[in-house]
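Asker: Structure in structure tokens, see below.
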């Protein structure tokens, strides 16, 4: 019988958070799926950011093959046109199958597919049409559907100085957004789909805001748990033999309380010399002092000022031959090449592994490695030369606003996930085993869905079919994995034989 797949994303969910609630019967839907199917940690991308992680999930490939490493590139937000390879909905379209893709990161601008698409949180605030087909906007408007809260953070989160006083208002908005998304998705399930993907990104945002209030998070997750139950039942009305996948793109943890300044460390090690202009040297410390004075604090709330400050900071660090951003260290290859480049990379990695916080005796970094040990493919050079992922209680920075090597830090956003590389995975269905599995990767989702839907995998797919989640007697356990190039070759042979017969 023809199978279909329902994938529900609980953005940022971690087993550390939800397992106790499952065991205490506080999340009955997730508990049922947890007990009836397979589950395990789902290893994310490095760094574990939603943009890179969800593109890897949808392609089955590492960032070196799809080109997305974070939310920003050259100071601008990423978008779907920058993804360098096909995603799973493209493959479904090519094979005449229907997909409904709702709120999956990096889907703006929306594309023509065989089905529906509604873009996600990187959509510009003033965009009037963010659905395919465009007439789907009528349903979205009727349901008062909203992609996201209209707030900023480097880009996306509210200004950290104001967030505490805004949390009550934001809480109401996130509940409302989740409800409207649920109702809209439920309506779309009146149709029959081969693949339905929906991500509740608001779970990530809620944890950012309320990580210090676990009961508040539980209430939010309980509401989502009831929505998930209803959505599964609704989807199975049209697709009774559906596979259900519950995933998250990364985990979550408390915000760091200490900061390690890589710029200061590099200068102390004579790796980096300060070649900034006089104005670049004067502005950061003056800005830091001014914004601590109540009379001048309004300056930091100006959007124009924040944009100028971010550009100034970016220009300052990227004018240096070695700099750090988004969990990576970049070396200017016009300055360092060949043996000198390799020697410097090796030295930085080796010495950073030994860095400890003198106040705690704790090592700062969780993962340190060379680009080519983590990324591979034609776009691996888009990534950092050195991956430097700090532990969750440390923020690595390259700030010119302070000359302290280590310092205390207080972020009003209580939850972060820049080092939480494990999300959750649950699979449920008639052909699925029960139990816990290890070694699952976010790269495995695409090939596993393709395997279920009888769609050939790309030959350069990095993930693997999760064959062992299926019961041994299931045809999905023993079914041969198909690859696109093999099918193309078979078709060429078939066409050639047909010509000979003619």
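The values are calculated or read from the model by the stated rules, or taken from the named source; none is laboratory data. Bear in mind the structure is a predicted one, so any value in this text is a computation, not a measurement. As a convention, Cβ positions derive from the backbone with ideal geometry for all residues, glycine included, and neighbour counts pool all protein chains shown.
Asker: Can you tell me which of 444, 454, 430 is out of contact with any strand residue (DSSP E or B) (no Cβ under 7 Å at 6 or more places or on another chain), part of a helix (DSSP H, G or I) and within 30 Å of residue 99 (Cα to Cα)? Steps first, please.
Answerer: Working: 454 fails: part of a helix (DSSP H, G or I); 430 fails: part of a helix (DSSP H, G or I).
After ruling out the rest, the residue left standing is 444.
Asker: Taking the conditions exactly as written (surrounded by 24 or more Cβ atoms within 10 Å (Cβ to Cβ) and over 24 Å from residue 453 (Cβ atoms)), does residue 48 satisfy them or not? Walk me through how you get there before you give the answer.
Answerer: Details: surrounded by 24 or more Cβ atoms within 10 Å (Cβ to Cβ): yes; over 24 Å from residue 453 (Cβ atoms): yes.
Yes.
Asker: Something else now. Could you identify the single residue in 33, 7 that is in a helix (DSSP H, G or I) and in contact with a strand residue (DSSP E or B) (Cβ under 7 Å, 6 or more places away or on another chain)?
Answerer: Answer to the check: 33.
Asker: Next question. Which one of the conditions (1) within 16 Å of residue 211 (Cβ to Cβ); (2) in contact with a helix residue (DSSP H, G or I) (Cβ under 8 Å, 6 or more places away or on another chain); (3) not in a loop (DSSP other than H, G, I, E, B) does residue 395 fail to meet, given that it meets all the rest?
Answerer: Condition not satisfied by residue 395: (2).
Asker: Hey, among 230, 270, 241, which residue is over 25 Å from the mean Cα position of the chain (by Cα), free of Cβ contacts under 8 Å to residues at least 60 places away in the same chain and over 30 Å from residue 360 (Cα atoms)?
Answerer: The conditions single out 230.
Asker: I've got another one for you. For the range 54-70, which positions are under 14 Å from the mean Cα position of the chain (by Cα), more than 18 Å from residue 465 (Cα to Cα) and in a helix (DSSP H, G or I)?
Answerer: Answer for the range 54-70, where residues must be under 14 Å from the mean Cα position of the chain (by Cα), more than 18 Å from residue 465 (Cα to Cα) and in a helix (DSSP H, G or I): 63, 66.
Asker: Next question. Considering each residue of the range 113-136, count those that are in contact with a strand residue (DSSP E or B) (Cβ under 8 Å, 6 or more places away or on another chain) and farther than 25 Å from residue 71 by Cβ, and give that number.
Answerer: Step one: of the range 113-136, the residues in contact with a strand residue (DSSP E or B) (Cβ under 8 Å, 6 or more places away or on another chain) are 113-120, 122, 130-133, 136.
Now restrict to residues that are farther than 25 Å from residue 71 by Cβ: 114-115, 133, 136.
Within the range 113-136, residues that are in contact with a strand residue (DSSP E or B) (Cβ under 8 Å, 6 or more places away or on another chain) and farther than 25 Å from residue 71 by Cβ number 4.
Asker: Are any residues in the range 358-392 part of a loop (DSSP other than H, G, I, E, B) and either farther than 22 Å from residue 268 by Cα or touching a strand residue (DSSP E or B) at 6+ places or on another chain (Cβ under 6 Å) (or both), and if so, which ones?
Answerer: Of the range 358-392, the ones part of a loop (DSSP other than H, G, I, E, B) are 358-362, 364, 375-379, 383-385, 391-392.
Once the filter is applied, which keeps residues that are part of a loop (DSSP other than H, G, I, E, B) and either farther than 22 Å from residue 268 by Cα or touching a strand residue (DSSP E or B) at 6+ places or on another chain (Cβ under 6 Å) (or both), the range 358-392 yields 364, 375, 376, 377, 378, 379, 383, 384, 385, 391, 392.
Asker: On to the next question. Kindly indicate whether residue 214 is within 23 Å of residue 104 (Cβ to Cβ), more than 18 Å from the chain's Cα centre (by Cα), assigned by TED's automatic domain parsing to the domain that holds residue 184 and surrounded by fewer than 23 Cβ atoms within 10 Å (Cβ to Cβ). Can you show your working first?
Answerer: Values: within 23 Å of residue 104 (Cβ to Cβ): no; more than 18 Å from the chain's Cα centre (by Cα): yes; assigned by TED's automatic domain parsing to the domain that holds residue 184: yes; surrounded by fewer than 23 Cβ atoms within 10 Å (Cβ to Cβ): yes.
Taking the combined requirement at face value, the residue does not satisfy it.
Asker: Mind counting the residues in the range 456-489 that are in contact (Cβ under 8 Å) with a residue 40 or more places away in the chain, surrounded by 22 or more Cβ atoms within 10 Å (Cβ to Cβ) and over 21 Å from the mean Cα position of the chain (by Cα)?
Answerer: 2
Asker: Out of 42, 17, 7, report the one residue that is farther than 29 Å from residue 193 by Cα and modelled with pLDDT of 95 or more.
Answerer: Every option except 17 fails the conditions.
Asker: I'd like the full set of residues that are under 22 Å from residue 374 (Cα atoms) and either outside the structural domain of residue 123 (by TED's automatic domain parsing) or surrounded by 24 or more Cβ atoms within 10 Å (Cβ to Cβ) (or both), limited to the range 66-92.
Answerer: 66, 68, 69, 87
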